[in-house]
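Below: the structure, in structure tokens.
Every read-out reported here was derived from the displayed coordinates using simple, explicitly stated rules and does not represent laboratory data. All figures in this text were calculated on a predicted structure; none of them were measured in a lab. So basically every Cβ, Gly included, is an ideal-geometry build from the backbone, and we count neighbours across all protein chains shown.
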Amino acid sequence: MSAGAGPTRVGVTAHLDTARTGGPADVVGLRRLAVDTLDANWEHDHTVPSRTLYPHQWSWDSAFIAIGLAHVRPERAWRELASLFRAQWADGRVPHIVFNPALRVGAYFPGPEMWRSTNAQGTPGVDTSGLVQPPVHALAALLAYQRAPDPAGLAALRQLYPALVAQQRYLADRRDVAGDGLVCIVHPWESGLDNSPAWDEPMAAVGAEAAVMRAYRRHDTAHADAAHRPTDLDYARYLAIVAAYRDHGYADRGLADGHPFLVECPLFNAAFGAAEHALAEIAALVGDDPGPHRARATRVTEALVRRLYDPDTGTFQPRDLRTDRLVSARTVLGLTPLILPDLPTRQADALVVEARSARFGVARHMERPLPTYDRTAPDVEPLRYWRGPSWLNTGWLVRRGLLAHGHPDLAAGLRRSMIGLVAGAGCHEYFHPDTGVGLGSPAFSWTAALLLDLLAD
Ligand code: 9WN
């Protein structure tokens, strides 16, 4: 851990109580903390997720950040999204990292020298990765506008609309590897939940050896406790998958013939469907036809239910396209299709049962925060990245879903629990799922941004 980045030790009961008092002083103080965090992470036209761990621009981070910025600095919210979309490739893909050329080589690993994006076709003038992340941007743009509905926002929304449409077209046309109407991710980093136990089964088939990492210098373990981060073997596999995609020219043709990681993820596809719902609303605002977006949204929901819903467990599971099997780990990914307003009642009800179960513990008065992995699983790791800890973005998505499907009491419980986490530990990247201790980066942008959104609601 770097100086000042150590876990903040605050008992979960204490901070949940702090949040429950909900007095104006608490809210003012929390808002101040969030705004200060976002201001400190602002970098000329975007917000870095964390100055130490993630000093460049990340795709889905910028979407969550824009939602929060809209409450306090709407002009920055639009600049955040505009700068990200300036790095969109000609094929429509929005890269998951946009590198800041002003930073020193080695500021993040793997950096531009590994991705070599400018060698690929139709790339922008800046270095980027070649992967994508969950397409939560159309939803973010719509929410940013709804939170600050002024003429400048409408103009920005109008300008962004074609780029958001192109982002969806890329995913629909190039990434439907199985031809079933769902998007396939080609790397665990594309899920945003990089190290989730959901990827253990598909990752086990990726040939790589931990020893490979001796040739590289990992950046993350210089800034965070190695015991909280992916292992060297995970990293060796991550790099092997990047190399396979890069050496294929980041072309999506022929992926089915041997790309080492091909998975349909419930969160990614729920975001893909939610984006069409959001685009329908944006289309109506900017004078375009919402009909095609609504029709596509319906098709995505149908495909999700058909392909990723597991009636035996009553939750959604990723499908490994290399084996054509659903993976078995029960993670928070499975709850996120709740964000789809047209999810059929049968599946929505089953997800609420899953959310309320001992595995995830969502309740009107939550005893512990929402974990990212089944807390009753024997291999849950409360300290390790995406393998148990609690994050604000996954909680924020599940809360939206609970509201969309008529569970305001559960949504309120989840909201209080999330506010309680930050009240107790600060704007940490993630939190211990039992104690609420703050982990990872201590000044993490999407935590601050989504806190602003939760406080305003
Ligand atoms: C790799 C920036 C990103 C998030 C991801 C999170 C983490 C990167 C990393 O940080 O991923 O993309 O180096 O571990 O898993 O969701 O977007 O905050």
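Normalised by the residues of the chain, what does the relative contact order come to in percent, with Cα pairs under 8 Å and at least six apart?
22 percent
Per DSSP H run of n ≥ 4, the term is -39500 (n - 2.57); total these for the chain, divide by its residue number, and report the mean residue ellipticity at 222 nm rounded to 500 deg cm²/dmol.
-15000 deg cm²/dmol
Mind jotting down the distance between the C-alpha centroids of the stretch 177-221 and the stretch 395-409, whole Å?
Cα centres, the stretch 395-409 to the stretch 177-221: 29 Å.
May I ask you to order 358-367, 113-122 by the average number of other C-beta atoms within 10 Å around their residues, highest value first?
Going from most to least packed, we get 358-367, 113-122.
Rounded, prolate or oblate: which fits the stretch 241-303 when a ≥ b ≥ c are the square roots of the eigenvalues of the alpha-carbon gyration tensor, with rounded for a/c under 1.5 and prolate only if a/b beats b/c?
The shape class here is prolate.
How would 326, 142 line up from fewest to most surrounding beta-carbon atoms within 10 angstrom?
326, 142
Cα centroid distance between the stretch 34-60 and the stretch 304-349, in Å?
32 Å
Compute, for the chain, the length of the dipole vector about the Cα centre, with Cβ point charges of +1 (Lys, Arg) and -1 (Asp, Glu) only. Units Debye, rounded to 20.
Result for the chain is approximately 420 debye, rounded to the nearest 20.
Given +1 on the Cβ of Lys and Arg, -1 on the Cβ of Asp and Glu, and no further charges, what dipole in debye does the stretch 171-298 carry about its Cα centre, rounded to the nearest 20?
Charge dipole, the stretch 171-298, about its Cα centre: 360 debye, nearest 20.
Treat the count of other C-beta atoms within 10 Å as a stand-in for reagent exposure and order 356, 416 from fewest to most.
Sorted ascending by nearby Cβ count, the order is 356, 416.
Defining a contact as two alpha carbons under 8 Å apart and six or more residues distant in sequence, what relative contact order in percent does the stretch 306-407 show?
25 percent
Based on Cβ point charges of +1 for Lys and Arg and -1 for Asp and Glu, what charge dipole magnitude is obtained for the stretch 41-149 about its Cα centre, in debye rounded to the nearest 20?
Roughly 140 debye, rounded to the nearest 20.
What are the trypsin sites (Lys or Arg not before Pro) within the stretch 21-97 that DSSP puts in a loop, where the Cβ has at most 16 other Cβ atoms within 10 Å?
Qualifying residues, ordered by number: 51.
Shape call for the chain from the C-alpha gyration tensor, a ≥ b ≥ c root eigenvalues: rounded (a/c under 1.5), prolate (a/b greater than b/c) or oblate?
It comes out rounded by the Cα gyration axes.
Could you point to the residue in 88, 422, 102 farthest towards the positive end of the chain's charge dipole, with +1 and -1 charges on the Cβ of Lys/Arg and Asp/Glu respectively?
422
Among 171, 143, 119, pick out the residue whose Cα is farthest towards the positive end of the charge dipole of the stretch 52-195, where Lys and Arg carry +1 and Asp and Glu carry -1 on C-beta, about the Cα centre.
Comparing the listed Cα positions along the dipole, 143 ranks first.
Could you list 228, 259 so that the one with the fewest beta carbons within 10 Å of its beta carbon is first and the one with the most is last?
259, 228
Select from 69, 328, 316 the residue farthest towards the positive end of the dipole of the chain; place +1 on Cβ of Lys and Arg, -1 on Cβ of Asp and Glu, and compute about the Cα centre.
Among 69, 328, 316, the one farthest towards the positive end of the dipole of the chain is 69.
For the stretch 20-169, rounded, prolate or oblate, judged on the Cα gyration tensor with a ≥ b ≥ c (square roots of eigenvalues), a/c < 1.5 rounded, else prolate if a/b > b/c?
Here the stretch 20-169 falls in the oblate category.
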